[in-house]
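Here the structure comes first, spelled out in C-alpha cells, and everything after it is commentary.
Derivation of every value follows stated rules applied to the coordinates shown; laboratory data play no part. None of these values were measured; they are calculated from a predicted model. Note that we place each Cβ from the backbone using ideal geometry, even for glycine, and neighbour counts take in every protein chain shown.
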Number of protein chains: 4
Amino acid sequence: MSLDVEFASDNHSGVHPEVMNALMEANKGYSISYGEDEYTLSAKRLLRKVFGSNSDSFFVYNGTAANILGLKTVTKSFHSILCASSAHLTVHECCGPERFTGCKLSTIPTEDGKLTPALIEPYLMGMGDVHMAQPKIISITQSTELGTTYTIDELKEICRFAHQNNLLVHVDGARLCNAAVYLRTGLKEITKDVGVDVLSFGGTKNGLMYGEAVVFLDKSLAADFEFYRKQGMQLTSKMRFISAQFNMFLQDDLWKKNAEHANQMACYLEKELKMIPHIKLVQKVEANMVFVRIPLDYMKKIRKKFYFHVLEQDPSVARLVCSFNSTKQHIDGLIDGLKQICD
Amino acid sequence: MSLDVEFASDNHSGVHPEVMNALMEANKGYSISYGEDEYTLSAKRLLRKVFGSNSDSFFVYNGTAANILGLKTVTKSFHSILCASSAHLTVHECCGPERFTGCKLSTIPTEDGKLTPALIEPYLMGMGDVHMAQPKIISITQSTELGTTYTIDELKEICRFAHQNNLLVHVDGARLCNAAVYLRTGLKEITKDVGVDVLSFGGTKNGLMYGEAVVFLDKSLAADFEFYRKQGMQLTSKMRFISAQFNMFLQDDLWKKNAEHANQMACYLEKELKMIPHIKLVQKVEANMVFVRIPLDYMKKIRKKFYFHVLEQDPSVARLVCSFNSTKQHIDGLIDGLKQICD
Amino acid sequence: MSLDVEFASDNHSGVHPEVMNALMEANKGYSISYGEDEYTLSAKRLLRKVFGSNSDSFFVYNGTAANILGLKTVTKSFHSILCASSAHLTVHECCGPERFTGCKLSTIPTEDGKLTPALIEPYLMGMGDVHMAQPKIISITQSTELGTTYTIDELKEICRFAHQNNLLVHVDGARLCNAAVYLRTGLKEITKDVGVDVLSFGGTKNGLMYGEAVVFLDKSLAADFEFYRKQGMQLTSKMRFISAQFNMFLQDDLWKKNAEHANQMACYLEKELKMIPHIKLVQKVEANMVFVRIPLDYMKKIRKKFYFHVLEQDPSVARLVCSFNSTKQHIDGLIDGLKQICD
Amino acid sequence: MSLDVEFASDNHSGVHPEVMNALMEANKGYSISYGEDEYTLSAKRLLRKVFGSNSDSFFVYNGTAANILGLKTVTKSFHSILCASSAHLTVHECCGPERFTGCKLSTIPTEDGKLTPALIEPYLMGMGDVHMAQPKIISITQSTELGTTYTIDELKEICRFAHQNNLLVHVDGARLCNAAVYLRTGLKEITKDVGVDVLSFGGTKNGLMYGEAVVFLDKSLAADFEFYRKQGMQLTSKMRFISAQFNMFLQDDLWKKNAEHANQMACYLEKELKMIPHIKLVQKVEANMVFVRIPLDYMKKIRKKFYFHVLEQDPSVARLVCSFNSTKQHIDGLIDGLKQICD
C-alpha cells in the first residue's frame, strides 16, 4: 500500500481542469517568446485591473524566485530583510535569498507566524552605522506558514510602521488567495489598499501547473526587475504558457473558487479533528492549513498511512494542508484513520 | 497585418501534441512534490538508459538555469570558464553565469562558433597563479549558436585536450537533438562516449512546454547539484509535469522525430534560399538554423512582413530557425516574400 | 575640550613601539611582493611553531577579512554558519559574511556570548534536506564580544560536539591573546589542542598597526585560501610589512605582554568600578573588557567627557575596553569622573 | 647569490622615508577608529583640494579593492564594464571584479593598452535588451599596464564618448602620479577636468606602505560606498595610519617627486637598453615601465640574475619597472648584465 500524500502540501494536488484547458487553448500556432505575446499582454492587463493601474506585474516560474527577485529588485547587498523566524524565506530556501540578494535576513520569533510593529521594533538597530546591515524591508507571509491570516487592520499597521521608518513591505503571497477568501475581501484590498510595496502572488499552490507573479504595487520600483529576472534564470521562453494559466486564474475568479474550496475543506477538517481525543489544535485555522498536536506514538502510527509534514522543531505537531481538489471523502478517510489510532 | 514570427526562434513554436497529452495524463490525483514522484523516477531512469548507468540527471525550468547550475556545481568562484565569443552563455544571459558562479568567462573568437584545441590553448594562462582566474572548464555549444555542429572527432579532440590540461568539458545542448540527428547518431555517442562531463540537455526548443535536464555523465560530479538547484530558484514543486514531458520525449524517440523534422526543414529552406539572387549563406547548415546575408535594403523590406533576428554585430545577417512544426508551406511563403523583394 | 576616546575600543590605541621598530627595520631595500619575501617566510615558520606543524597560516589586512575568508574557504554557499547572536560576525560586518560566502548565519541567543552544545543543538535542523541551509561550521569568539572567555573544557566540549555532527569549528580570535593570558595558557592549547579547525588570529587590537592571520590548524583545509584571498581583495603587495609585525609579535612573546597588560588594566578598572554606587557589572571580566550598567541619566553625563560604546539593545550598558597602552592614571581619570557623577 | 628583484615591480620597493616618518608621527596617543580621526579628516580635506570641492574620497587597503569597490558603487549586477584586454582588472584580479560586482567584463583588444571610442563602439551592443549585460562604465588604466599614457585629449575624447552613450568613466590610477608627471600636469587636470567619474588613486606603488584612495569626482555617486567598503572587508580600524601616509604624500608634492624620479629612471633605462643589440622596445616609455623584447635564449640567461616579469602571452617580452628608489647604479648593473649576454 502506497502512502496517501494528499494532506502533505497544496503542491501535491495537480492542475485545475480549466487551467489545463487554457494550456491546450494557448498551444496554437506560433507565438513570440519572452513575453511579447498576446497571452502575456492580456494577463498583465488583468493583473493591472486587479492590483491597480499604477502596478506592474511579471511572471516567474516559482515562489522561491518570486520572493527572491522581488526582494532583490528593491534592496542592495548591505540591507537587511526583516521576517518572522517561521518565514519560508528564511527556513526553506536553502540560503537562496542570502545568495542572490547578499542581504542579511533578520529573523524575529513569533507565536503564530505574524509580525507586529512591537515585535519588529527592537530589530531596527544600526540605521546609518556602516558596521551594521541596514534594515530596508519587512517581509510578511499572507496567509502565514502557520495557517494564520493578518487582518486588514494588522496589515495597515505594519505598513504604516514600515513607511514611518523608511522601510518597504513585501508580501509572500504564495497563499494570498486563501487570505483574501478568509477575510471575505479582494486581492487589492489586502495589498495595494493597505500599503504593500512588493508582492509575490502565488498560483501554483492554488491550481496552476507552474508560474507565479511578482507584483510591484508602485511600478516605479520595478525598473530593474526584468534584468534581475533574466540574470536570475527565471525568464521563460514560451511565456504564453504561464500567462494563459493566469488569464484563466483571474477570469471568472477561478482563484477565488479554488481558495474557497481549500479553506472550506480546512474548516471541515478542523471541525472533525476537534472531536478526536488527544488531538489538539495549535494554531487558528484561517486559511487552508490545520496544525495539530498529536501524541508522538499516535503520530508514528498515522504517518504509516498518511504522508504529511511535522514541524522540524516539534515533531509532535502535524501540518495538514487542503487544496482546491480536496474532498470530504478524503478528509473522512484521514479522520477515520486518526480515530482508530487515538481512541 | 501582424508579423509572421515563425522563423525567429524555435521557442516560438508551441508544444508538441504528444507532449501536451503527456501533461494531461500526468494530471491525475495527488503526487508527491519536489521530485519523489513516479514520473520523475521514471524519467531519471530513462535518462540513465540514454546517457549511461554512471550518469545522473536533474530537471530545471530552462536552459539558462541548466547551463549556470551545471557549471556552478563543478566550479569555484576563482575559476574561469572558456567558451566561444558567440556562446549563448556569454552573449545572452545578462551576466547570469558571472553572477551565480563568480567565475570569469574567457571568451574565444571563432569563425563558425566551434572551438578547437588550437584556439583554446592561448587562453590557458596563469594556472596556479593566485592573481589569475584558474581555467577549469571548457563550455561548447552543440549544435552551436551559428547552426554548425561539432563532429564526433572534433568532440573527442576537445575532450582529450581538456582532460590532459585538467579541465572539464561542458556542453550547452539546447539543440543537442539537432546535432545527434545531423550526425546520424545517438545522444550518448556525442556526450558520454566522447568524454563530456556535464551536459545541458534541452527540451523546450524541441517541442516541450518547459523543462531541461542537467546531466552529469559521471554522477560523482553531481554531489552538490540539488542544493544549488534549490538555492538557484530552480526546484519545481510539481515536478511531475516536467518529468512527464521528458518521459514522452524519450519514449519512442520523439526527440529524434522532432529534431529530424526541424533539420529537414532547415535543409529545404537552405536549398530554396540558395536560388535567390543577392542572398548568401554565411554558415554551413548543420542543424535547424540558416544564416544568410541579405543586402540591407532588402532586409528592411522583408522584416516588415517576417519577424526574425539579425546578428547584433552585423545586421545584414539573418538567423532563420526551423522547428518541429515548421511546414514547407510556411517556408514557401518566406521564400516567395524574399523572391519578390530580391528580384 | 575634546572627548577622551581611550576606553571606546582597543582599536583606538596605536602601534606598540617595538612593532613600529620592526616596520622600520623591514623597510630596507627591495623585497619580493605578495608573500615570497623572507619576512613572510619567517613569520609563517613562527606561526607553524605556535600552532603546530600541520597548520598553515596566511596574512590578511583586518579581522573582517580573516573571519570571512577563513569561513569561505571551508564552506559552500548552501551551508549555514552557527554563531552567537552577539557575534561580531553577524552584528557588525554589514552582511559581509552573507555577501562573500552566500551562507546563512544561524544566530543563537546566549546570556554571556558563549555557545554550548545544548544551545546549539536545536539549530541543527534539516541536514540533507535540500530546502534548508546545511549546517557546516560553528563560529565562536574567544574572548567573546562580551568580555567572557571559554574555558579549555568548554572549548573541548564544543569541538567534540561539532565533530560528532560533522561540523567544523571556527574561532574568531580577534582577542585570542587576551583569552590565552586569562586562561594562563598558550595559544596552541586553546586552539589546536582542543580541536579547533580554523582560526582568525588577531593582531591589530593587541598592538599591531594592521594585519591578522588566518590559521588553518589542519593545512589540508587551506587548499583554496590563497585564491579566495586574492579574489577577496586581501592580498597585500608589500606583505613584508604585515609579516614583520607578526615576527615581532611572536618573538619574545610580545603578544602575551600586551594582552597581559590589557587584561590587568581591565581587572583594575573592574575593581574600581565595583566601588562606585549605582554601577553594576553585567558580565564577568575575563579579558580586556568591562561591561557595566550605569543609570541612564548618569550615563548621559559621563559620555559628555568620555567616548565609549553602549549596547545597541540596551543603552544603559557601557562597554569599556582596555588595551596594551592603557594606564592606571587614565583609568583613575575615568573613575573620578564617574564618582563625581554617581555620588 | 640571490636574485635581484628591483625591476620586477614597483611593489618591491619599500616605503619612502618621509612616509615612514609620518607613520611614526601618527603613532601618538589614542585616536578614534574607522575614520573619524583628525588624520583622516585632514587627508580627506587635502584630497578635496586636489580633486575639487565636489569630490569625495575614501581610503581602502589596496588597489584591487579600490577598483572593485569604486566600480561596485556605481554598477548593478546586470551591467557590463568595458576595459582593455590588458587591464589589470580583468587579467590579474582572480575574478574579484566579477565576484563582487556580478558584472561582466567586456574586454577589448588594444595595441598599447589604450582604449579609444572607435575601439569601444562595437562593444556597445544590446542596450535595453534584457538578455544582454548592459554597458554601464568604461574602465581605463592611467598610466596603462603597458607603460603608456593617455594624453589629455584622448582622455577627454573617451569621457565625451562615454557620457554621450550614458556610460561612466572609471580610471584605475595605480600609476596616476606617473601619468601626471609624464604629461607635466596636475592630478585634477587628468581626472576631474577631463570628465572622469570614479578614480582609484594609487599610493602603494609610489612609496606608501599600504593604502589607496577611491575618489568620486562627483560625490553624489558615493552614497553607498561606505557600506560596500565595510561589507567588502576594506574598512580599516586604525585608519589614521593610512591617512597619515596620504597627508605626507599630498603635502609638498611627495607624490610628484617620487613619480618624477621613477619616470626619469625609466627614461634612463630605455636610453641604455636601446643601445644594446638584439633588444627591442615594444611600447613607448611614457611612465615608469619599459617593455622590451629579448631573444628567448638571452632572456633565459638574464633571468638567472634578475627576477622580473615577462608577458604571459609572449615570454620574450620583459617588463622592467622603476620606482621612487631606483638608482642609476642599479640600472647600470642590469644594463651591464644584459650587455654581457647580448653581445
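For the pairs A:K114/A:K301; B:K305/B:K328; A:K300/A:K328, note any where the Cα-Cα span goes beyond 22 Å.
On the way: A:K114/A:K301 32 Å; B:K305/B:K328 18 Å; A:K300/A:K328 24 Å.
Checking Cα-Cα distances, A:K114/A:K301; A:K300/A:K328 exceed 22 Å.
Quick check for me: using +1 on Lys/Arg Cβ and -1 on Asp/Glu Cβ, what's the dipole size of the protein assembly as shown about its Cα centre, in debye to the nearest 20?
Here the size comes out at about 0 debye.
Sorted from largest down, give the three principal axis spans of the alpha carbons of the stretch B:1-138, whole angstrom values.
So the three principal-axis extents are 57, 49, 27 Å.
For the stretch C:254-342, what is the charge dipole size about the Cα centre, in debye to the nearest 20, if Lys and Arg each add +1 at the Cβ and Asp and Glu each add -1 at the Cβ? Can you show the working numbers first?
Details: 15 positive and 9 negative charges, 27 e Å.
Magnitude of the dipole: close to 120 debye.
Measuring label to label, 7 Å along Cα→Cβ, what does D:Q164 give against each other copy in nm, shortest first?
4.9, 5.3, 7.2
State log₁₀ I(q)/I(0) for the stretch D:236-279 at q = 0.14, 0.15, 0.22, 0.29 Å⁻¹ as given by the Debye formula over alpha-carbon point scatterers of equal weight, solvent excluded.
-0.53, -0.56, -0.75, -0.92
Taking a 21 Å limit on the Cα-Cα distance, which of the listed pairs B:K205/B:K339; C:K44/C:K188; A:K104/D:K72 fall beyond it?
In this structure, B:K205/B:K339 lie more than 21 Å apart at Cα.
Place a +1 charge on the Cβ of each Lys and Arg in chain C and a -1 charge on the Cβ of each Asp and Glu, then give the dipole magnitude about the Cα centre in debye, rounded to the nearest 20. Present the calculation step by step, with values, prior to reporting the outcome.
Details: 38 positive and 39 negative charges, 59 e Å.
Using only the charged Cβ atoms, the result is roughly 280 debye.
Largest first and to the nearest Å, give the Cα extent of the stretch C:17-252 along each principal axis.
56, 38, 31
In nm to one decimal, list the spacings between the B:R45 label point and its equivalents in the other copies, with label points set 7 Å along Cα to Cβ, shortest first.
4.8, 6.5, 8.0
Once Rh is set to the Kirkwood radius over Cα pairs, what Stokes-Einstein translational diffusion coefficient, in µm²/s, holds for the stretch A:108-195 at a temperature of 10 °C and a viscosity of 1.306 mPa s? Numbers along the way, then the final one.
On the way: Rh = 13.6 Å.
This corresponds to a translational diffusion coefficient of 117 µm²/s.
Under the rule of at least 5 residues apart or a separate chain, name every residue whose amide H is placed under 5 Å from the amide H of A:V169.
A:I138, A:D197, A:V198
Quick one: plug the Kirkwood hydrodynamic radius of the stretch D:85-141 (C-alpha pairs) into Stokes-Einstein at 20 °C, 1.002 mPa s, and report D in µm²/s. Intermediate results must be reported in sequence, preceding the final value.
Details: Rh = 12.4 Å.
Translational D for this selection: 173 µm²/s.
Whole percent per 10 Å bin, from 0 to the bin with the longest distance: what is P(r) over all C-alpha pairs of the protein assembly as shown?
Histogram of Cα-Cα distances, whole percents per bin: 2, 8, 15, 20, 20, 16, 11, 5, 2, 0, 0.
When the Cα centres of the stretch C:161-175 and the stretch D:67-83 are compared, how far apart do they sit, in Å?
Between the Cα centres of the stretch C:161-175 and the stretch D:67-83 lies a distance of 36 Å.
Shortest first, in nm, what separates the label point of B:Q340 from those of the same position in the other copies (7 Å along Cα→Cβ)?
From this label point to the equivalent ones elsewhere in the assembly: 7.4, 8.4, 9.8 nm.
Between chain D and chain B, with a rotation axis joining them, whose C-beta in D is nearest that axis, and what is the whole-Å distance?
D:E98, 2
Sort all Cα-Cα distances of the stretch D:200-343 into consecutive 5 angstrom bins from zero, then give the percent of pairs in each bin up to the one containing the longest distance.
Going from the shortest bin to the longest, the percentages are 2, 8, 15, 17, 14, 11, 11, 10, 7, 4, 2, 0.
Please identify, among B:Y61, B:Y30, B:Y228, the residue showing maximal mean-square fluctuation in a Gaussian network model of chain B using a 10 angstrom Cα cutoff.
Sorting by GNM fluctuation, first place goes to B:Y30.
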